[in-house]
Amino acid sequence: MTDPATAPGSAQQKIDTSVPHSARIWNYWLGGKDNYPVDEEAGDAYTAVFPGIVTIARSSRAFLRRNITYLAGEQGIRQFLDIGTGLPTADNTHQVAQRIAPESRIVYVDNDPMVLAHARALLYSTPEGATAYVDANVLEPERILKAASDTLDLSRPTALILSNILGHIADHDEARSVVDRLMAALPSGSFLSVNDGSRGIDPVFERAQDAYNSSGAVPYNLRTVEEITSFFDGLELVEPGVVSVQQWRPDEDAPEPQVIAEHGGLARKP
């Protein structure tokens with residue numbers, strides 16, 4: 001999860017290491033190193049209430065890896081627009097895609113100063129492909145598309161990735177508008193990947209997240225499975241549709257997938 005700033009130019013914000021930040025907490029739960037003691041304390045406080053958040057974070061990341069593997073390996077997608085990138089950990093979008101197709105081109109979008117400070121790690125690419133980084137707010141789809149077009153040919157099929165970012169848009173209609181405007185700019189044969197925390201599955205998770213949101217931190221809003229599914233309206237869902245992320249095309253050697261409060265799907269634009 002990353003926090004959309006309220007105005008462009010947020011890259012100039014000073015990184016405040018005295019207060020916890022959701023991107024760094026998420027990185028901590030993923031086993032990353034780009035966090036501070038204050039983030040570890042906040043992350044530990046959350047897991048004390050709901051230990052399952054670590055499973056959600058890591059299952060979300062694995063879902064994204066399987067999505068990209070399917071897109072690059074089975075659908076021949078060579079362009080990826082990843083909005084709400086977050087801090088780099090293992091198996092970033094460009095790493096997964098370029099392992100399969102070194103010529104893949106990836107544009108990352110975020111506007112968190114901590115993420116920007118690590119952009120160099122995100123920008124590493126194969127010689128055959130390309131990666132770029134756009135400092136922009138998820139609420140600025142037209143600005144994102146204009147900047148992304150410097151690296152991507154948006155007349156060709158492109159995978160739009162929105163992983164744990166739409167929950168930072170409080171109003172559901174506004175979140176749907178952002179998705180619709182982004183997908184409208186992409187051609188037939190493009191794909192939309194969305195996953196977010198889901199409401200109506202795990203009341204312990206909901207209490208922990210509601211408490212976090214009321215703490216003064218930038219809130220992350222859980223949505224019902226029906227609301228998450230609505231982001232794919234007008235698109236062709238890839239089987240098995242919108243499901244708990246562990247259940248989306250699990251690896252053959254994976255343990256029996258569980259229903260957790262994180263749902264997602266992948267769909268093709270006809």
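The values are calculated or read from the model by the stated rules, or taken from the named source; none is laboratory data. From a predicted model like this one, the values you see are computed outputs, not experimental measurements. Reconstructed Cβ throughout: ideal geometry from the backbone, glycine too, with neighbour counts over all protein chains shown. SASA here: full protein model, heavy atoms, side chains in, ligands and nucleic acids out. Shrake-Rupley method; radii C 1.70, N 1.55, O 1.52, S 1.80 Å.
Just one of (1) more than 26 Å from residue 261 (Cβ to Cβ); (2) open to solvent by less than 30 Å² (accessible area, probe 1.4 Å); (3) not β-branched (Val, Ile, Thr) fails for residue 62. It is (1).
Taking into account only those residues within the stretch 182-205 that are at negative phi and either among the β-branched types (Val, Ile, Thr) or open to solvent by 50 Å² or more (accessible area, probe 1.4 Å) (or both), which is nearest to the chain's Cα centre (by Cα)? Outline the logic, then answer.
Our first condition is that a residue be at negative phi; within the stretch 182-205, this holds for 182-188, 190-199, 201-205.
Those left that are additionally either among the β-branched types (Val, Ile, Thr) or open to solvent by 50 Å² or more (accessible area, probe 1.4 Å) (or both): 184, 188, 194, 199, 201, 203-204.
Details: 184: 19, 188: 22, 194: 7, 199: 18, 201: 20, 203: 23, 204: 23 Å.
Top of the filtered list is 194.
Pairing residues of the stretch 122-134 that are acidic (Asp, Glu) and modelled with pLDDT of 90 or more with residues that are surrounded by 21 or more Cβ atoms within 10 Å (Cβ to Cβ) and assigned to a loop (DSSP other than H, G, I, E, B), at Cβ distances under 6 Å and at least 6 apart in sequence or on separate chains, gives no pairs at all. Here 160, 139 are screened, and the one residue that is assigned to a loop (DSSP other than H, G, I, E, B), under 24 Å from residue 22 (Cα atoms) and either at pLDDT 95 or above or not hydroxyl-bearing (Ser, Thr, Tyr) (or both) is 139. Pairs are defined by a Cβ separation below 9 Å, a sequence spacing of at least 6 or placement on different chains, a first member in the stretch 26-38 that is at positive phi, and a second member that is polar (S, T, N, Q); the pairs so defined are 31/89.
So that you can scan it fast, the table gives a plain yes or no per residue for (1) of a type in the set (S, T, N, Q); (2) on the phi > 0 side of the Ramachandran plot:
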residue: 129; (1), (2): no, no
residue: 149; (1), (2): yes, no
residue: 153; (1), (2): no, no
residue: 164; (1), (2): yes, yes
residue: 210; (1), (2): no, no
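Of all the criteria given as (1) within 21 Å of residue 214 (Cα to Cα); (2) modelled with pLDDT of 80 or more, the one not satisfied by residue 59 is (1).
Residues of the stretch 189-223 that are within 20 Å of residue 246 (Cα to Cα), of a type in the set (Asp, Glu) and free of Cβ contacts under 8 Å to residues at least 60 places away in the same chain: 206 alone.
Residues of the stretch 117-124 include at least one that is surrounded by fewer than 19 Cβ atoms within 10 Å (Cβ to Cβ), closer than 21 Å to residue 61 by Cα and touching a His at 6+ places or on another chain (Cβ under 8 Å).
Applying a threshold of 9 Å to beta carbon distances and a minimum spacing of six or more residues, or different chains, the list of pairs starting in the stretch 254-270 at a residue that is part of a loop (DSSP other than H, G, I, E, B) and ending at one that is among the aromatic types (Phe, Trp, Tyr) and surrounded by 11 or more Cβ atoms within 10 Å (Cβ to Cβ) reads 257/248; 260/205; 261/205; 269/191.
Of the residues making up the stretch 206-249, not one is open to solvent by 70 Å² or more (accessible area, probe 1.4 Å), touching a Gly at 6+ places or on another chain (Cβ under 6 Å) and not hydrophobic (A, V, I, L, M, F, W, C).
The set of residues in the stretch 101-129 being of a type in the set (A, V, I, L, M) and farther than 16 Å from residue 85 by Cα consists of 101 alone.
Could you please find all residues in the stretch 209-239 being assigned to a helix (DSSP H, G or I) and either under 17 Å from residue 179 (Cα atoms) or polar (S, T, N, Q) (or both)? Quick ask: steps written out before the conclusion?
Going residue by residue through the stretch 209-239, those that are assigned to a helix (DSSP H, G or I) are 209-213, 225-230.
Passing the criteria: 209, 213, 225, 226, 227, 228, 229, 230.
The set of residues from the stretch 193-249 being in contact with a Phe, Trp or Tyr (Cβ under 9 Å, 6 or more places away or on another chain), farther than 20 Å from residue 47 by Cα and β-branched (Val, Ile, Thr) comprises 194, 238, 242.
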